[in-house]
Amino acid sequence: MTSKKRAALVGAALWLAVAAWMATLFSLSAQTGEQSASLSGNLIVAVMSVVNPGFSELSPARQLAAIAPYQHLVRKAAHFTAYFVLGALVSLALGQSGIRGRNRFLLALAIAAAYAASDEFHQLWVGGRGGLATDVLIDASGALLAVALATAADYLRRGRRAIPSRGR
């Protein structure tokens, strides 16, 4: 297989990964508020069971009381992490498509932030959910970190020419 064909296959695989991750995010956003809370609650229970061996012996009411303080933090961390992954995938796909430097940075961030906004808009029609501007900001922050790291890695790997300076 030629290197050109291999690069095209890698590019197609990366764009498929972007689409699959977006579909996953859409699916998670389509969950009702109760389903979403249950998902994050189950994750907290699993972690608490590992870090606190006596946790599983507590009554369900005491378990709920113990996980309640972590629910908000876990949900917001999930937003950040999910869009970190999206930002990384989009940045890698754009890079494989030949888009570099500032254009890659801005386009990857714009795609991830626009998807975050559309995702919150979608949640306006899901029972027990709502679209929050703060969630878009958290999502965009996750994407921003991933895109910045991918851009920095590309810059270091390719040398100073990866991000053109304004004076050139």
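A few remarks follow.
- Any chance Ser40 is of a type in the set (Gly, Ala, Ser) and open to solvent by 60 Å² or more (accessible area, probe 1.4 Å): no
- Considering only residues in region 28-48 that are touching a residue at least 60 places away in the same chain (Cβ under 8 Å) and either under 17 Å from the mean Cα position of the chain (by Cα) or not in a helix (DSSP H, G or I) (or both), the one that is nearest to Glu120 (Cα to Cα) turns out to be Ser29.
- Taking region 95-131 as the range and being under 21 Å from Ala23 (Cα atoms), loosely packed, with under 15 Cβ neighbours inside 10 Å and among the hydrophobic types (A, V, I, L, M, F, W, C) as the test, the residues that pass are Ala110, Ala114, Phe121, Leu124, Trp125.
- The numbered conditions (1) open to solvent by 50 Å² or more (accessible area, probe 1.4 Å); (2) at pLDDT below 90; (3) part of a helix (DSSP H, G or I) are all true for Thr81 except (2).
- Criterion violated by Leu92 - all others in (1) open to solvent by 50 Å² or more (accessible area, probe 1.4 Å); (2) within 13 Å of the chain's Cα centre (by Cα); (3) at pLDDT 95 or above satisfied: (2)
- Filter pass, Ala93 being farther than 30 Å from Met48 by Cα and in a helix (DSSP H, G or I): yes
- Residues being within 22 Å of Ala37 (Cβ to Cβ) and not in a helix (DSSP H, G or I) are represented in region 111-124 by at least one member.
- Checked across region 73-94, the condition of being touching a Leu at 6+ places or on another chain (Cβ under 7 Å), within 30 Å of Lys4 (Cβ to Cβ) and without any contact (Cβ under 8 Å) to a residue 12 or more places away in the chain holds for no residue.
- Some residue of region 150-165 being within 27 Å of Leu39 (Cα to Cα), open to solvent by 50 Å² or more (accessible area, probe 1.4 Å) and not acidic (Asp, Glu): no
- Met22 falls short on exactly one of the conditions (1) within 28 Å of Leu137 (Cα to Cα); (2) without any contact (Cβ under 8 Å) to a residue 60 or more places away in the chain; (3) surrounded by 12 or more Cβ atoms within 10 Å (Cβ to Cβ); (4) hydrophobic (A, V, I, L, M, F, W, C), and that condition is (2).
The values are calculated or read from the model by the stated rules, or taken from the named source; none is laboratory data. This is a predicted model, so every value here is computed, not measured. Backbone-built Cβ (ideal geometry, glycine too); neighbour counts: all protein chains shown. Calculation scope for accessible area: heavy atoms of the full protein, side chains included, ligands and nucleic acids excluded. Shrake-Rupley method; radii C 1.70, N 1.55, O 1.52, S 1.80 Å.
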